[in-house]
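**Student:** Here it is, the structure in full.
Read-outs: derived from the displayed coordinates by stated rules, not from any lab. Quick caveat, the model's predicted, so the values are computed rather than measured. Positions of Cβ are generated from backbone atoms using ideal geometry, with glycine treated the same way; all protein chains shown enter the neighbour counts.
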Amino acid sequence: MKQHLTFWMRHLNKLRWLSLVTVFSMLIIIPVLGLYQTYVAAHAYDLLTPGEKRLYDTVEFFTGPVLNDPENDLDAIKGTTWSGTFFGLKLSDPLAVLGQTAAGFEVYWPFILTGLIPILLTVILGRFFCGWICPATFLYELNTNLGAWIHKAGIPIGQRHFDRRIKYLVLIVGLVLSALTGSVLVAAIYPPAIIGREIYYAIALGGFGAGAVFFVLTLLFDLLVSRRGFCRYLCPGGALYSLLGRYRLLRIKREVTQCNDCAKCNAICEFELDPMKDGFGQECNNCTACIAICPTDALLFNIDYKDVPYQGPGHLGHKYRENQLESLNKEVQQIYEA
Ligand code: SF4
Ligand code: SF4
């Protein structure tokens, strides 16, 4: 049974990539479907440009066999990860709920309730949105791979470290400014919201807004200053999800008897956490990259509301054997002396 579980856990990282690709693709597909709906509603196929006709025909080719009433049926999935509708269920990012509440200076329950399911899931699964759903994560992880290739080519990349608590300050300042200006300012510096918006602008309006420039700057920051630096140190949503997931029930635990202290888990962790020393904390997004890379299957999911304290060196590593040998020598010496 445990072997089966271990096998599945090792492959969760692939499932996570599938999830990231799906969400990112949906952010492209939804505005395309929205355009098609508009064309259908206008009943003006003959007035469309050749490019618009190509889009119309392509969407019709794929949706025609399954949809009777595209004008209404395509409303089933709308919006972005910031706020949207999924088969009648309205869902919003918890940061959207908090930002809107601060900006409007009022408690509007119908909107607050749309954040309830994501909040509950975060309380149970931790910062999973960052690892499994966020469309920016998809691009940031590709950017990390690019950084690794650049580094291999002998070009230095950013390796600076900052205080992780900066992002909590960004969250607080962002909410205060939202309240003072009446505008949801946190959305202007929140990568998943920016990506959803910018993809929509590109498809519906044929261009990008200022958010695209900001996002490119975050990519450069990650490459030139600090690996995955924006998410680690500056993202207001990352701050909120970390706080909500502090006492998450699903968390990774190191099986110390299986660990050989190879440190591969620490090296792969985008958030510079310390799985090798049982240091996951509230920042862990349960991405499972460390589980996938561990050569001895020493990392497994566990149900608990807090991490175990440091359990000492892995039992399959040199340090543990040296410690064992040292205490054995001491015992033998004590026996001789007695
Ligand atoms: S500790 Fe593991 S699961 Fe948590 S963020 Fe790092 S690599 Fe992902
Ligand atoms: S054996 Fe696994 S848990 Fe231990 S240090 Fe290596 S990767 Fe990390």
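**Student:** Quick check on region 254-263. Is at least one of its residues buried (at least 17 other Cβ atoms within 10 Å of the Cβ) and within 30 Å of Leu98 (Cα to Cα)?
**Tutor:** No, every residue in region 254-263 fails to be buried (at least 17 other Cβ atoms within 10 Å of the Cβ) and within 30 Å of Leu98 (Cα to Cα).
**Student:** I'm trying to understand the selection: among the residues of region 270-281, which are away from ligand 2 (no atom under 11 Å from the Cβ), of a type in the set (Asp, Glu) and surrounded by fewer than 19 Cβ atoms within 10 Å (Cβ to Cβ)?
**Tutor:** Result: Glu272, single match.
**Student:** Just to be sure before I move on: is Cys287 farther than 25 Å from Pro94 by Cβ and crowded, with 17+ Cβ neighbours inside 10 Å in the structure I sent? It would help to see each step written out before you state the result.
**Tutor:** Working: farther than 25 Å from Pro94 by Cβ: no; crowded, with 17+ Cβ neighbours inside 10 Å: yes.
So Cys287 does not fit the description; no.
**Student:** All but one of (1) out of contact with any Asp or Glu (no Cβ under 6 Å at 6 or more places or on another chain); (2) surrounded by 15 or more Cβ atoms within 10 Å (Cβ to Cβ) hold for Asn143; which doesn't?
**Tutor:** Result: Asn143 passes all but (1).
**Student:** Right, here's the next one. If you scan region 167-184, which residues turn out to be surrounded by 13 or more Cβ atoms within 10 Å (Cβ to Cβ) and touching a residue at least 24 places away in the same chain (Cβ under 8 Å)? Walk me through it before giving the result.
**Tutor:** Of the residues in region 167-184, the ones surrounded by 13 or more Cβ atoms within 10 Å (Cβ to Cβ) are 167-171, 173-175, 177-179, 183-184.
Within region 167-184, Lys167, Tyr168, Val170, Leu171, Gly174, Leu175, Ser178, Ala179, Ser183, Val184 meet the criteria.
**Student:** Can you tell me which residue is farthest from Tyr241 (Cα to Cα) among those in region 282-322 that are polar (S, T, N, Q) and within 16 Å of ligand 2 (Cβ to nearest atom)? If you could, list the steps in order and put the result at the bottom.
**Tutor:** From region 282-322, those polar (S, T, N, Q) are 282, 285-286, 288, 296, 302, 311; that's our starting set.
Imposing the further condition that a residue be within 16 Å of ligand 2 (Cβ to nearest atom) reduces the set to 286, 288, 296, 302, 311.
Numbers: Asn286: 12, Thr288: 17, Thr296: 30, Asn302: 20, Gln311: 27 Å.
Taking the candidates together, the pick is Thr296.
**Student:** Here's something else I'd like to know. With respect to the numbered conditions (1) within 11 Å of ligand 1 (Cβ to nearest atom); (2) within 24 Å of Pro192 (Cα to Cα); (3) exposed (fewer than 15 other Cβ atoms within 10 Å of the Cβ), which one is the sole condition not fulfilled by Ala267?
**Tutor:** (2)
**Student:** Across region 240-266, what is the number of residues that are basic (Lys, Arg) and either in contact with a Cys (Cβ under 6 Å, 6 or more places away or on another chain) or more than 16 Å from ligand 2 (Cβ to nearest atom) (or both)? Step through it out loud before you land on a result.
**Tutor:** To start, the set of residues in region 240-266 that are basic (Lys, Arg) comprises 246, 248, 251, 253-254, 264.
Of the ones still in play, those that are also either in contact with a Cys (Cβ under 6 Å, 6 or more places away or on another chain) or more than 16 Å from ligand 2 (Cβ to nearest atom) (or both) are 246, 248.
Total satisfying the criteria: 2.
**Student:** Also, quick follow-up: Of all residues in region 87-115, count the ones that are surrounded by 10 or more Cβ atoms within 10 Å (Cβ to Cβ) and in a helix (DSSP H, G or I).
**Tutor:** 16
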